[in-house]
Every structure is written in structure tokens, then in C-alpha cells.
1. Could you pull out every residue, at least 5 positions away or on a different chain, whose amide H is within less than 5 Å of the one on Ala66? Hs are placed 1.01 Å off N in the peptide plane, and Pro or chain starts have none.
2. Set the Förster radius R0 to 45 Å, insert the Cβ-Cβ distance between Leu99 and Leu52 as r into 1/(1 + (r/R0)^6), and round the FRET efficiency to 0.05.
3. Please report Rg over Rh for region 65-191, where both radii come from the alpha carbon positions and Rh follows the Kirkwood definition.
4. Please report the net charge: other residues with Cβ closer than 9 Å to the Cβ of Ile123, K and R +1, D and E -1.
5. Taking amide hydrogens as modeled 1.01 Å from N in the peptide plane, which residues meet the under 5 Å criterion relative to Ile170, leaving out close sequence neighbours?
6. Subtract the Cα-Cα distance of Ala120 and Arg88 from 0.36 nm times their separation in residues, and report this length gain in nm to one decimal.
7. Mind listing the long-range amide H neighbours of Leu121? Cut-off is under 5 Å, sequence gap 5 or more, other chains count too, H placed in the peptide plane at 1.01 Å from N.
8. Report the gain in length on full extension from Asn167 to Arg132: 0.36 nm times residue separation, minus Cα-Cα distance, nm rounded to one decimal.
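Each value in this text was obtained by applying a stated rule to the coordinates, not by laboratory testing. Keep in mind the model is a prediction, meaning the values are calculated, not measured. Every residue, glycine as well, gets a Cβ built from its backbone with ideal geometry; the counts of neighbours run over all protein chains shown.
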Amino acid sequence: MWGGVKISQYYEFTSIYEILTSKRQQTLGVCGQVFRYGISTGRCARDPAGDLRGALTPHKKQNQAAVKPEELPELLRAIATYESIGDRQTQLALQLLALTFVRTNELIGVLWTEFDLSNALWIVPSERIKMRNEHVVPLTRQVLEILTELKTIAENSRYLLPGRNPNKPISNNTLLFALYRLGYKGKRFYVKYRG
């Protein structure tokens, strides 16, 4: 029981995950909905969420630091040595990020079926793209060599970068923590070309 409400009933209305991961104003709105539901079902007398309106300031988004163009050669040298502190698959994944300029999530979830190796193309389907438009990535000779090596590492997995369970891709944290180990904590792995 939580405030006279069975947990199962509470989950019917909204999940705790949604409350915890929403933005502050959205969280306040959800709390108001929960209390209004409680009022309508006789479980509480008033909605205290209204008292907080204006008290919670909106979160100001800050862009994470990016690798500057002049820092890229040093990052690429660091990635070239990654196998000495990590595994080969992760090193190759970092190299693919540098060579293809795709988003990390696009790389992590890639299936072998997305590649047209005979035409040296990677066709990222629209449902996996942030902007929801199919994205065609030309594959250089270096990328094709990396893909050949990854095929032997992936064996029979449908994923380019399988995790410990070959039926699932590697975690988002795999590449993030690899960059941390290379000394790039707090920086995103993309090159910021504009101010």
C-alpha cells in the first residue's frame, strides 16, 4: 500500500519509471494527475502538487563537450592503442564511429542485414534514426576491412556488435566506458565543427 492505494492500482495509472525519468514540470503534472485521481476515488482530500507550481524551475539543458577538430588525431591514436586495455570488438566499434560519423545508438543496434557490402553502403533504416529518415552511409575501404574482422568476432549473431548474449547488441555503456578509459570522460565522441 502507498498512501492508501494498492501498488498495483498505482501502476495502472502511471509507472514510477515515468515519474522518475520525466522532466520536472512533467513530473509535477503527473503528480497532479495522481492526486486528482486520488481525490476522485476518495483516497486523498487535496492535490498538494498545485502548491509547487512555479517553485520548480525548468531544467536548463547544457550540451556536453565535444571533441574539437584539433583533438581528433590524439583521440584516434588513443583508440589505436585501446586493445591493450580493452577488447578488440570495442576498439573496432570506436574506429567505426570515427570513420562513419553515425550516432552511437545507430552503431550499437546495427544488424548485418543493413549492409550492402557489394555496393559498399550501410543503409540505416528510418526507425533507427533520430530524424526518422533513412540514412545511407558510404563505406570506405577501411570500414569494409573492419566489418570483415567484426564478422569473425560476431560469428552467427545478427548484430554487428553482439554483447555477451549474442542475441542482443552491446550496451550503450560499452563505448562510453571505453572512452572513459582512454581519458575522454565528459566528452562526446563527435567532432564539433561549428562554434
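1. Amide H neighbours of Ala66: Arg188.
2. The computed FRET efficiency comes out at 0.40.
3. Working: Rg = 14.1 Å, Rh = 15.0 Å.
Using Cα coordinates only, the ratio equals 0.94.
4. So the surrounding residues net to -3.
5. Under 5 Å from the amide H of Ile170: Leu161, Gly163.
6. Numbers: separation 32, 0.36 × 32 = 11.52 nm, distance 2.28 nm.
Contour length minus the Cα-Cα distance gives 9.2 nm.
7. Asp116, Leu139
8. Contour length minus Cα-Cα distance gives 10.1 nm.
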